[in-house]
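A.B. asks: Once you've had a glance at the structure underneath, I'll fire off some questions.
No lab work stands behind these numbers, since they all come straight from the coordinates. If you're wondering where the values come from, they're calculated on a predicted model, not measured in any experiment. Cβ: placed from backbone, ideal geometry, glycine included. Neighbour counts: every protein chain shown.
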């Protein structure tokens, strides 16, 4: 069959003016796909989104209600996204040849979808969110049964999809995340932007304490047991986070009398994130489980040494470019940090290995791999002007 134009809908209902992990993946994938399609005039790319923030200006946008943004409306936004995807999306997107979702959002009625799964945390940990657990346990299996393709962001996530959702292995394809090489990179200007903005330097950095599986309580307790000379020289900086778990961590810091040594920065704007890594002494990533772990990749690209858990996808992302520890054993984290503090040769090796390892990943590679897979699966090479 020959068709003059292929219409592609991108489900950006998860996009937010203050994006974190999945949101960062989403707008980078959308922007890069639009760049790859720029010379293919017979393919029209349209994005359903509540915000234009961080998206290419030349994209065709169908504006969604701002109520879908989690940074502004929290749990109400999650409910609103479910309602929009379940009841409105099938009608407004039904005429598209292909629908790509960079998240687990989609329609239960359309069969021309590509769904991306980043992790199955809510099925692994009961304390994530009751409504998320319900969606992932009872509704997501039906959604992926309707999807043409299921994208997993790591081998770890792929195995979880097979285990928890009973999805046929041949339907799942692993495509790793990427990062923006133009922003997350080394610089020689030596500016201390983070010091000027937040008043901290030479710090241990930890990013994103959103839920208990992030294991930041272990990190704070381990940091507390370091020698006072280490704590005085290397403050602990915690960026991002939300909700009750973040408040629990703040209470723990007060209990341990670490208020002058542990700094909570809150949400750090994307424009400052590369410099946050550059000025850090090291990134500490104590998570019990990650579907991918984007901060690991960003940190390595900025020349920031990495100390990471030895579980799930972390070794997939870091390879030999990290000091690994058992996230269930506080002493192994303490030993890893002491090794990092005391051995300059190890720190330099981690920086060099991290720069090499990070070059294996890019958003262009992510989008190009997805595009090739989609073209094959949907037989788009049969379409022409």
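A.B. asks: Measure nothing but the geometry: give the 0 to 90° angle between the long axis through the Cα atoms of 344-358 and the longest principal axis through the Cα atoms of the chain, rounded to 10°.
C.D. replies: Approximately 0 degrees, to the nearest ten.
A.B. asks: Still on this structure, I have one more. Pop a pseudo-label 7 angstrom from the Cα along the beta-carbon direction at both residue 247 and residue 364 and give the gap in nm to one decimal.
C.D. replies: Distance between label points: 4.7 nm.
A.B. asks: Once Rh is set to the Kirkwood radius over Cα pairs, what Stokes-Einstein translational diffusion coefficient, in µm²/s, holds for the range 285-384 at a temperature of 37 °C and a viscosity of 0.692 mPa s?
C.D. replies: It diffuses with D of about 218 µm²/s by this estimate.
A.B. asks: What is the packing order of peptides 152-163, 321-332, taking the mean over residues of other C-beta atoms within 10 Å and listing the highest first?
C.D. replies: Highest to lowest by the protection proxy: 152-163, 321-332.
A.B. asks: Now for a different question. Rounding to the nearest 10 and keeping the result within 0 to 90°, find how far the Cα-based axis of helix 243-255 lies from the longest principal axis of the chain.
C.D. replies: That works out to roughly 0 degrees.
A.B. asks: Give, in nm to one decimal, the length gained when the segment between residue 259 and residue 379 is fully stretched (0.36 nm per residue of separation minus the Cα-Cα distance).
C.D. replies: Stretched out fully, the residue 259 to residue 379 stretch lengthens by 37.4 nm.
A.B. asks: While we're looking at this one, here's another question. Of all the C-alpha pairs in the range 1-135, what % are more than 17 Å from each other?
C.D. replies: For the range 1-135, the share of Cα pairs beyond 17 Å comes to 59 percent.
A.B. asks: Further question: Angle between the Cα long axis of helix 70-83 and the longest principal axis of the chain, 0 to 90 degrees, nearest 10?
C.D. replies: The angle comes out near 30 degrees.
A.B. asks: How big is the range 164-257 along each principal axis, measuring the range of its Cα positions in Å and listing the largest first?
C.D. replies: 53, 39, 24
A.B. asks: Right, another one. So what is the relative contact order for the range 193-358, in percent, with contacts set as C-alpha pairs under 8 Å and at least six apart?
C.D. replies: Answer for the range 193-358 is 23 percent.
A.B. asks: Separate question: Sequence gap at least 6, Cα distance under 8 Å: using those rules, report the relative contact order of the chain to the nearest whole percent.
C.D. replies: Once divided by the residue count of the chain, the mean separation gives 16 percent.
A.B. asks: Related question: Can you check how the C-alpha radius of gyration of the range 55-111 compares to 2.2 N^0.38 Å, as a plain ratio?
C.D. replies: 1.20
A.B. asks: Whole Å is fine, so just give me how far the alpha carbon centre of the range 183-216 lies from that of the range 16-68.
C.D. replies: Using only Cα atoms to place each centre, the spacing works out to 27 Å.
A.B. asks: When ranked by the protection proxy of mean other Cβ atoms within 10 Å per residue, highest first, what sequence do the peptides 304-310, 36-42, 356-362 form?
C.D. replies: Highest-to-lowest ranking by the protection proxy: 304-310, 356-362, 36-42.
A.B. asks: Right, another one. Rg to Rh for the chain: what is it, with Cα atoms only and Rh by Kirkwood?
C.D. replies: Rg divided by Rh gives 0.98.
A.B. asks: Given N residues in the range 193-358, what is Rg(Cα) / (2.2 N^0.38 Å)?
C.D. replies: The range 193-358 yields a ratio of 0.93.
A.B. asks: Cα centroids of the range 327-367 and the range 88-149: how far apart, whole angstrom?
C.D. replies: When both Cα centres are located, 34 Å separates them.
A.B. asks: Using Cα-only point scatterers and the Debye equation, what is log10 of I(q)/I(0) for the range 80-121 at each q in 0.19, 0.24, 0.34 Å⁻¹, rounded to two decimals?
C.D. replies: Log-scaled intensity ratios, in q order: -0.54, -0.82, -1.27.
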